[in-house]
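Trainee: Got a structure here, written out as structure tokens. Questions coming.
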Amino acid sequence: MAKDLARTKLSENWMVWREVTLGSFSVPRADVFAVAKSFANPRFIIYEIKTSRSDFLHDVNTGKYRGYFSCCSQFYFACPSGVLGKGDVPEHCGLIVRNENGWHTVKSATRREFKPSQDLWIRLLIKGYEDHFERYRQEEGDRFKEYKSLKEASWLYGGKVAKDIASGQDIIAQAKQLTEDAGKALGRDFPTLENAIWSLQAEVHKLIDRRKYVIEAIELADLTIHLFQGTYFFGRDVPKKLRDIAERLDKQFTKEEQVVK
């Protein structure tokens with residue numbers, strides 16, 4: 001809640017601190033401290049985050065919230081929508097709630113004259129520097145983790161990628177050879193392996209319709225199915241199978257022609 005509220009105030013062009021120690025032990029620590037960027041109309045607002053009604057009632061009953069008044073010009077309770085209502089908030093305090101559409105002011109806090117002490121400015125300066133340095137270290141850590149992950153990935157997968165690229169030429173060569181063999185088997189040229197496979201499938205259908213060459217038709221059908229599924233795409237036995245089927249069909253065609261003559 002505090003991070004979300006801080007991001008909202010930053011987007012509205014406020015200077016923002018989180019978890020700021022405001023002074024001595026008698027002064028509570030501010031969940032969110034926001035300062036308006038204005039010389040003519042300076043505003044110093046403290047937001048106390050409350051996520052439950054019991055936590056809020058504890059602060060009210062003990063009077064803890066009054067300790068904030070000497071450190072700001074306005075004091076607000078901030079909570080999720082539905083936890084507190086306007087009538088629950090003590091006099092001079094404000095209330096903002098967070099719902100699905102963002103933060104909304106339910107009750108405006110009384111504004112008091114306030115001049116920040118040198119001690120408060122120094123605390124804000126030190127806290128701001130520490131937060132900035134912590135964010136810098138976090139960003140540097142994230143960048144190092146990203147670099148380390150990329151380096152490890154290059155070692156793990158670089159060799160595999162290189163092998164895949166090298167074997168890509170073999171795959172292309174096999175595809176070309178399959179296309180040529182299918183063309184020779186069917187007696188025509190095909191521009192791509194896909195065209196050759198579709199033509200093989202058509203020939204299978206013709207053979208089945210004619211009810212001839214059943215064994216060869218079944219073998220061609222099986223081969224075509226595997227080619228479509230990619231099962232045989234990387235195998236080296238496909239051209240041999242195609243040549244074998246083509247030779248057997250050619251022999252049968254020759255026998256039929258001799259019988260006819």
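Trainee: Taking the beta-carbon count within 10 Å as an exposure proxy, list ASP189, ASP181 from fewest neighbours to most.
Mentor: Sorted ascending by nearby Cβ count, the order is ASP189, ASP181.
Trainee: Which of ILE46, ILE122, ILE245 has the fewest other C-beta atoms within 10 Å, and how do the rest follow up to the most?
Mentor: The order, fewest Cβ neighbours first, is ILE122, ILE245, ILE46.
Trainee: Fewest first, what order do LYS107, LYS251 take by the number of other Cβ atoms within 10 Å?
Mentor: Ascending number of Cβ neighbours within 10 Å: LYS251, LYS107.
Trainee: Grab the other residues whose beta carbon is less than 12 angstrom from that of CYS71, score K and R as +1, D and E as -1, and report the net.
Mentor: +3
Trainee: Here is a follow-up. Give me the one-decimal nm value for the distance between modelled label points at ARG29 and GLU180, 7 Å along each residue's Cα-to-Cβ direction.
Mentor: 7.7
Trainee: Quick one: net charge around THR110, please, counting Lys, Arg +1 and Asp, Glu -1 for every other residue with C-beta under 13 Å from its C-beta.
Mentor: +3
Trainee: HIS92's amide H: which non-local residues (gap 5+, or another chain) put their own amide H closer than 5 Å, with H modeled 1.01 Å from N in plane and none for Pro or chain starts?
Mentor: Close amide H contacts, sequence-distant or interchain: THR110.
Values in this text are rule-based calculations from the coordinates and carry no lab data. Computed from a predicted model, the values in this text were never measured in an experiment. Please note: Cβ atoms are built from the backbone with ideal geometry, for glycine as well, and neighbour counts cover all protein chains shown.
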